[in-house]
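Worksheet: one structure, shown below.
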Amino acid sequence: MILKEVAKRRFSLSECVFDSEAVYKIARKAGEDLRYTFVEKEQSLKPEKYGHERKFEFKYEKKLDAFGKGEITVEIKFENLNKVKREGKQLDKGDVDLTLTANVILDYKNEWWMRKLHRSLLDFYLKYFVKERIERMYLDPVKQNADEIYGAIKDAFEE
């Protein structure tokens with residue numbers, strides 16, 4: 001199994017007004033629209049001294065073919081959350097930290113990785129014979145999908 005990181009995106013906002021539930025739904029829909037499987041890893045809500053802390057962590061997975069798959073991990077951490085009313089809606093006000101990491105896993109079934117000789121042959125083959133093909137078939141599409149998901153989440157905060 002060979003793990004290649006293709007994208008890492010982050011942004012932070014301070015004292016921003018948003019709907020955390022809407023952000024969650026938009027993030028989930030963005031991945032599902034790209035035919036990724038949604039796996040929720042963590043969702044927590046803790047009371048803190050200056051407001052609540054809320055955390056969403058989830059992973060999108062997509063098998064590209066029998067050799068490679070894409071994984072996009074999103075972690076959204078809200079701090080100092082307090083409820084505010086704007087235009088008749090109950091919204092959240094607080095700080096936001098978002099981290100998105102996109103990886104491609106090659107030989108995810110460990111068919112080549114089990115024997116030492118196969119492992120060295122695979123490294124050599126990937127490095128010298130099919131480097132451009134790997135980028136075109138696996139790395140570029142997952143990076144593009146990660147950018148789309150990141151853009152959808154970022155737009156949800158700007159609304």
What do you reckon, is Thr99 among the hydroxyl-bearing types (Ser, Thr, Tyr), closer than 25 Å to Arg10 by Cα and without any contact (Cβ under 8 Å) to a residue 60 or more places away in the chain? no
Matching residues in the stretch 1-59 - criterion: being surrounded by 13 or more Cβ atoms within 10 Å (Cβ to Cβ), more than 30 Å from Asp123 (Cα to Cα) and of a type in the set (Phe, Trp, Tyr): Phe11, Phe18, Tyr24, Phe38, Phe56, Phe58
Leading residue by the ranking (surrounded by the fewest Cβ atoms within 10 Å (Cβ to Cβ)) among those in the stretch 78-132 that are touching a strand residue (DSSP E or B) at 6+ places or on another chain (Cβ under 7 Å) and among the small types (Gly, Ala, Ser): Gly94
What pairs come out if I take residues in the stretch 1-15 that are among the aromatic types (Phe, Trp, Tyr) and pair them with residues that are surrounded by 11 or more Cβ atoms within 10 Å (Cβ to Cβ) whose C-beta lies under 6 Å away, six or more apart or interchain? Phe11/Leu98
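Conditions (1) in contact with a Phe, Trp or Tyr (Cβ under 9 Å, 6 or more places away or on another chain); (2) at pLDDT below 90, marked per residue:
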residue	(1), (2)
Thr73	yes, no
Phe78	yes, no
Gly88	no, yes
Leu91	yes, no
Asp97	yes, no
Leu100	yes, no
Tyr108	yes, yes
Glu111	yes, yes
Can you tell me which of (1) of a type outside the set (Asp, Glu); (2) in contact with a Phe, Trp or Tyr (Cβ under 8 Å, 6 or more places away or on another chain); (3) within 19 Å of Tyr150 (Cα to Cα) is the one Phe11 doesn't meet? (2)
Taking the stretch 113-139, which residues are closer than 30 Å to Arg35 by Cβ, among the hydrophobic types (A, V, I, L, M, F, W, C) and in a helix (DSSP H, G or I)? Leu122, Leu126, Ile134, Met137, Leu139
Yes or no: Glu75 in contact with an Asp or Glu (Cβ under 6 Å, 6 or more places away or on another chain) and of a type outside the set (S, T, N, Q)? yes
Is it the case, given these coordinates, that Val142 is outside any strand (DSSP E or B) and either surrounded by 16 or more Cβ atoms within 10 Å (Cβ to Cβ) or at pLDDT 95 or above (or both)? yes
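The values are calculated or read from the model by the stated rules, or taken from the named source; none is laboratory data. Given the structure is predicted, the values throughout are model-derived calculations rather than measurements. Ideal geometry is used to build each Cβ from the backbone, glycine not excepted, and the neighbour counts take in all protein chains shown.
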